[in-house]
Every structure is written in C-alpha cells, then in structure tokens.
Amino acid sequence: MMTSELERLHLKAKDTARRYRSSETELLQVLSEIESLRGYLPLGFNSLFSYCVSYLGLSESQSYSFMAVAKKGREIPEFKKAVESQEISFSHARKMVSVINSENQKQWLAKAKSLPLKALEREIVKENPQAPVVERLRLVSENESELKVGIDREMEADLKRIQELLRTSNLKQALKAVLKDYRMRHDPIERSKRAKHIAKTESTPVRFGARQNPRRSIPRHVFHDVQRRDNGRCQFKGTVGQVCGASFGVEVHHLEPWAYGGKHEAANLLTLCHRHHHYWHHRDQIPRTVRTQTGS
Ligand SMILES: [Zn+2]
Ligand SMILES: [Zn+2]
C-alpha cells in the first residue's frame with residue numbers, strides 16, 4: 001500500500017509530465033510562427049537553430065527535433081494537426097519524421113496514435129532498415145570531439161589512399177591533413193592572410209555574385225582587408241546585442257550604397273551572411289515590431 005506522501009509525489013509527477021508535454025506542443029507552435037516570420041534575424045541570429053540554442057538555451061538535439069517536427073508539419077498538415085491537438089505526443093512525432101510522407105501518412109498516423117513509443121520505434125526500424133548514419137559531432141573532452149558520419153565506397157577509397165600517401169593508419173591524421181589542405185586552398189580568410197604580403201597596388205577586382213556589375217566590384221586588396229578585419233564572419237548586430245558571426249555564404253555590404261557614392265573602402269564595407277544581407281535591404285518592407293540597431 002502506498003503512503004500518502006508517495007501518492008502525493010506520483011500525482012505531482014503526473015501533473016508535471018502533462019504540463020511538460022503540453023509546453024512542448026506550445027513551444028513547437030511558437031517556433032513555427034517565428035520561423036515563418038524569420039523572426040530570429042533582427043535579433044542577430046541567422047537560423048532558427050542558433051536562436052533555439054543560444055537564445056532559448058535548448059540543447060542542440062532538442063533544437064533539431066523541434067525544427068524537424070515543424071518542417072514535417074509544414075509538409076503534412078494532418079501530421080501538424082495531430083501533434084498540435086496532442087493526439088500524437090511530441091516524442092512520437094520526433095521519431096516518425098524519418099518515415100512519414102504524404103503517401104503513407106494515414107497508416108503512420110494511425111500507428112502513432114495507437115502504439116507506445118518503443119513499439120513505434122520498432123515499426124520505424126522495420127520500415128527503414130538502411131536508415132543513413134545519423135551525423136553527429138559530440139564533445140567528449142575539453143580538447144576532443146567524436147565525429148560520426150557515414151561515408152560511401154568512393155570516399156572510403158579516397159581516405160585509404162590518403163592514409164597511404166601519409167604513411168599512416170591513423171584516420172584522425174588523414175582527416176586532419178585533408179581538412180588543413182582544403183582550408184589553406186579555399187578559405188578566403190586564409191587567402192586574405194597570404195595576400196597581406198602582396199603589394200597593395202594590386203587592384204584585380206573581386207566579384208561576388210554573377211549579377212554584379214563589374215564596375216561595382218571591390219578592389220582585391222580592400223576585399224582582403226575586410227575579410228581579415230571581420231574574420232570572414234557576418235557582423236550583423238541584433239537588437240539583443242547578438243552578433244550573428246555566421247561564416248557560411250557571406251557577402252560584402254556597402255554601408256553607404258555604391259549607387260549613392262559610397263566608396264569601395266574597408267570603412268564603408270561590412271561582411272554579412274546572405275540572410276542578414278537580404279534582411280538589411282528589405283527590412284522596411286517586412287512588418288516588424290522591433291527595429292534593428294545596426295552594427296557597423
Ligand atoms: Zn548590401
Ligand atoms: Zn548573419
């Protein structure tokens with residue numbers, strides 16, 4: 001027989017779990033709305049993911065789950081409805097995003113509504129036996145992370161050949177050499193560091209995008225100065241003081257537009273990621289309650 005104290009704890013656990021599940025659903029809904037407004041951009045984040053991790057303090061795997069379920073919900077409205085009405089729990093929803101599609105949705109929604117989580121997982125594995133390796137980068141110590149990634153036969157042969165060239169059986173060494181080599185060759189920041197030693201009189205223009213008029217192109221040495229100063233990262237500063245810092249697909253923005261006499265000088269140029277660059281030029285057309293302070 002349960003003591004009244006234990007009974008009280010079980011009731012409390014049940015009630016808390018119920019509220020926990022319903023907050024997951026609520027969070028999913030509000031994140032979907034933020035995504036549709038790109039509401040993370042004015043704050044200085046360039047994706048819903050970095051917003052979830054840095055601003056909301058969710059873990060990376062929680063953030064991935066919310067995004068995956070929200071994305072599936074946009075593709076399959078019936079799935080969205082079932083999750084929002086809590087006919088399907090968030091944990092069930094998260095598991096089934098890898099298998100459900102518009103053709104099989106009826107069947108999978110029925111399974112998700114009737115089966116406990118473990119049984120649903122078994123059904124998913126049966127359906128999807130050769131599920132691709134889930135990529136993962138996991139911190140294991142202060143100085144080391146574990147990388148898990150599936151590779152195809154061709155990549156495996158390349159890796160073996162590189163090990164031969166390096167005379168090593170150590171995968172980490174082979175990977176390190178390849179990464180270093182690619183970065184030295186292709187990273188604009190590394191190239192800008194090397195270009196520092198080239199005479200500043202060189203003025204081969206740099207073009208960013210095929211649509212750009214060559215007359216508007218920025219002299220190469222100026223481009224390299226901007227790259228070095230901004231470390232190749234988006235400098236957009238959001239309303240909460242967050243500097244975006246994204247380094248993928250960055251562009252160079254003229255603070256004073258070139259068309260109005262803005263110069264190709266480092267002081268007039270700013271590195272922005274594609275999303276923040278677009279936002280910068282279009283923010284007056286986007287209905288927002290918060291206006292952004294610009295970092296320059
Ligand atoms: Zn611009
Ligand atoms: Zn950005």
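In table form, for the structure just shown:
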read-out: Qualifying positions in the stretch 76-105 - charged (D, E, K, R) and touching a residue at least 24 places away in the same chain (Cβ under 8 Å); value: Glu78, Glu84, Glu87, Arg94, Lys95
read-out: In the stretch 220-270, the residues that are open to solvent by 60 Å² or more (accessible area, probe 1.4 Å) and acidic (Asp, Glu); value: Glu256, Glu265
read-out: Residue check, Glu123 free of Cβ contacts under 8 Å to residues at least 24 places away in the same chain, open to solvent by less than 50 Å² (accessible area, probe 1.4 Å) and touching a Lys or Arg at 6+ places or on another chain (Cβ under 9 Å); value: yes
read-out: Unique residue being under 30 Å from His282 (Cα atoms) and out of contact with any His (no Cβ under 6 Å at 6 or more places or on another chain) when the list is Ala17, Ala82, Ala13, Ala68; value: Ala68
read-out: Positions within the stretch 264-296 being away from ligand 2 (no atom under 14 Å from the Cβ), β-branched (Val, Ile, Thr) and modelled with pLDDT of 50 or more, in sequence order; value: Ile286
read-out: Residues that are more than 17 Å from the chain's Cα centre (by Cα), more than 13 Å from ligand 1 (Cβ to nearest atom) and over 17 Å from Glu190 (Cα atoms), drawn from the stretch 226-263; value: Lys237, Gly238, Thr239, Val240, Gly241, Gly261, Lys263
read-out: Leu41 being closer than 21 Å to His277 by Cα and in contact (Cβ under 8 Å) with a residue 60 or more places away in the chain; value: yes
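The values are calculated or read from the model by the stated rules, or taken from the named source; none is laboratory data. Owing to the predicted nature of the structure, the values given are computational and were not obtained by experimental measurement. Reconstructed Cβ throughout: ideal geometry from the backbone, glycine too, with neighbour counts over all protein chains shown. These accessible areas exclude ligands, DNA and RNA; they are computed on the full protein's heavy atoms, side chains included. Shrake-Rupley method; radii C 1.70, N 1.55, O 1.52, S 1.80 Å.
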